Amino acid sequence: MQPETRSSLLLRVGDAQDQAAWEEFIELYHPVIYRTARLRGLQDADAHDVAQCVLIKVGRSLNERPHDRGRARFRTWLATVTRNEAINALRRWQADRGTGDSDVQKQLHNIADNDQQQAVWEAEYQKELFRLAARRIEPEFEAVTWQSFWRTTVEGESIAAVSESLGKQVGSIYAARSRIMRRLREEVDKLQSET
């Protein structure tokens, strides 16, 4: 079970003047909203427009009334807003294009049901948590240590190949991976408790 978005952050995001809250919120959710829109078939610019519209709606909604956890998890609500905005963008695109092409109509009919859409949303959220945590902790490690972790764990290179190319012992690669994975889990846990 995933932790909920921190209520205090949601309250602060409701205040359009709280730049720090907005920066924190956007850093985590903008990439998730954007990638979700892209997975729905929107082009780059359209996906950015969807993300901007969703963020505006979130701000307005939270400004009007705080999020009610009793009605839905915040991320569930945000995923629904994103889905609806992506559908609206596809419909606008279809009306604007008027080419007789049935591709957009197919995209609208193929939009995943709520369970699939929630799974896509959750996967994108987890990817963004990983990326954000990795960016935050990378400066804590020497470049060669980070490379040995990244290349073997994320890029899937063999430990032997990375050991040879970096001139490191196989055991030191395993130790680096272990230290960074432990630190990465700590940072992901911290981010989840903050958001």
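The values are calculated or read from the model by the stated rules, or taken from the named source; none is laboratory data. These numbers come from a predicted model, not from an experiment. Using ideal geometry, Cβ is built from the backbone for each residue, glycine included, and neighbour counts are taken over all protein chains shown. Note: accessible area is taken over every heavy atom of the protein model, side chains too, but ligands, DNA and RNA are not part of it. Shrake-Rupley method; radii C 1.70, N 1.55, O 1.52, S 1.80 Å.
Observations on the model:
- Subset of the range 159-169 (residues that are open to solvent by 60 Å² or more (accessible area, probe 1.4 Å) and either farther than 18 Å from Phe141 by Cα or out of contact with any helix residue (DSSP H, G or I) (no Cβ under 9 Å at 6 or more places or on another chain) (or both)): Ala160, Glu164, Ser165
For (1) under 30 Å from Arg185 (Cβ atoms); (2) of a type outside the set (A, V, I, L, M); (3) at pLDDT 70 or above; (4) loosely packed, with under 15 Cβ neighbours inside 10 Å, each residue gets a yes or a no:
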residue	(1), (2), (3), (4)
Gly41	no, yes, yes, no
Gln52	no, yes, yes, yes
Val58	yes, no, yes, no
Arg65	no, yes, no, yes
Phe74	yes, yes, yes, no
Ala89	no, no, yes, no
Ser102	no, yes, no, yes
Ala119	yes, no, yes, yes
Ile137	yes, no, yes, no
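- Of all residues in the range 170-191 being closer than 26 Å to Leu28 by Cβ, open to solvent by 70 Å² or more (accessible area, probe 1.4 Å) and of a type outside the set (Asp, Glu), the one that is modelled with the lowest pLDDT: Lys190
- Close contacts from the range 110-133, counting a first residue that is outside any helix (DSSP H, G or I) and a second that is modelled with pLDDT of 70 or more and open to solvent by 50 Å² or more (accessible area, probe 1.4 Å), with Cβ to Cβ under 8 Å and a gap of 6+ residues or different chains, come to Ile111/Arg83; Ala112/Val120.
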